[in-house]
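No lab work stands behind these numbers, since they all come straight from the coordinates. Predicted, not measured: the structure shown is a model, and the values here were computed from it. No Cβ is skipped: glycine too gets one built from the backbone with ideal geometry, and neighbour counts run over all protein chains shown.
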């Protein structure tokens, strides 16, 4: 074989080997590619999601979208899923980019309500407060925010108005003790500011989707249950509880001593830390020291010392109206003393007291006309309690209910 023929043979062999290698590698790659489908990509993403790996799952879903042929509705649903997973992993800006794609993929998507809440949440968390407020306004109709459309405007939040009438209604619904804290023009203005601020906090909570928080939903459900139960009870009790004038008079006669006016005194007091000091105080007073000035100077009772020791209101015989205890000894001393007299030092609790009796009121039998409202309140309360118990027993008996109260009391079932 000459030299040229050898070179040609070697070249042909190399080409053949190269061709074989190409076929082998291409075949391998084709087999590998065929084994990894779009469906495999989706399955991987689903497994990562189930494992709680939101960020990694979102990345795999993104790859799936690129390789899969999806209908608009499917694409919108997947974009929403990726957006929510980005929110879970704290990447709110990326979440926005996917959430905004949902309506672009499917303008008629059924996810609009959830989508709006999520977008507002992301806008708020990324510091885009104005955009979040605008989105919330678009999402929430005026009737959702308030039932009133006219009145005296106290504040404006964007295009919404806060009315004085709503503030007054909220104020009237406060408990008495809380309402007293906002008496006066300036305090009422502070309440109005608080009302508007609360509305802003409420809107912020909506933006952050706290209305979907499981704990809040549970508490709302419990509050709703209580309100509805109270309403039905109010309705049924109103029908069954009828208050007649004769019933009130009979109740008054049966409980007359409860309404009789007890013997009572008005007094001033000086509180001391021990018996020795209280005896010294009594000695000074008997020597002519002015009681009221002395009480302001040395009495340890903060509630009365600023008023010269004068106790506001009547102290009834046998009652702890002073709130210091040792009722029997205190009452005996007070009602044994004459008007204007001082008592000997009396111990009540760990403290000692010297009293001056300023005025005495004798016991007096109550007249029905003077205590009619009290009688009505007491009788109504008693009637409500007994009627409520009857209603309770009735509904439990009329329903298919089996009570296992031993589970509550811990006692053995009989």
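A compact globular protein would have a Cα radius of gyration near 2.2 N^0.38 Å; the ratio found for the chain is 1.90.
Sorting 98, 352 on the 10 Å Cβ count, fewest up front, what's the list? Please report the intermediate quantities before stating the final value.
Details: 98 25, 352 22.
Fewest-to-most ranking of 98, 352: 352, 98.
Against the chain, whose longest principal axis comes from its Cα atoms, helix 72-88 is set at around 60 degrees.
Each residue, residue 283 and residue 110, gets one label point 7 Å from its Cα in the Cβ direction; the gap between the two is 9.4 nm. Helix 185-207 and the longest principal axis of the Cα set of the chain meet at an angle near 30°.
Exposure proxy for 129, 404: other Cβ atoms within 10 Å of each Cβ, ordered fewest to most, give 404, 129.
Quote the FRET efficiency, to the nearest 0.05, computed for residue 227 versus residue 408 with a Förster distance R0 of 25 Å and r equal to the Cβ-Cβ distance. Computed FRET efficiency for residue 227 and residue 408 comes out at 0.50.
The stretch between residue 275 and residue 388 holds 35.4 nm of extra length on full extension. This uses 0.36 nm per residue minus the Cα-Cα distance. What is the helix-to-structure angle for 275-286, meaning the angle in degrees between its Cα long axis and the longest Cα principal axis of the chain, kept from 0 to 90 and rounded to the nearest 10? Roughly 50 degrees between the two axes.
Inter-label distance, residue 400 to residue 376: 4.6 nm, where each label sits 7 Å from its Cα along the C-beta direction.
Shape class for region 170-269: oblate, because the ratio a/c of the largest to smallest gyration tensor axis (alpha-carbon atoms, square roots of eigenvalues) is 1.5 or more and b/c is at least a/b. The length gained on full extension between residue 93 and residue 165, counted as 0.36 nm times the residue separation minus their Cα-Cα distance, comes to 21.8 nm.
Taking 20 °C and 1.002 mPa s as conditions, region 262-331 diffuses translationally at an estimated 168 µm²/s according to Stokes-Einstein applied to its Kirkwood radius (Cα pairs). From its DSSP helices (H runs of at least four residues, each -39,500 (n - 2.57)), the chain gives a residue-normalised ellipticity at 222 nm of -20000 deg cm²/dmol. Of the residues 400, 351, 246, 344, the one with the fewest other Cβ atoms within 10 Å heads the list, and the complete ranking is 400, 246, 344, 351. Between residue 255 and residue 178, the modelled label-to-label distance comes to 3.0 nm, taking each label 7 Å out from Cα in the direction of the beta carbon. Once divided by 2.2 N^0.38 Å, the Cα radius of gyration of region 38-139 becomes 1.08.
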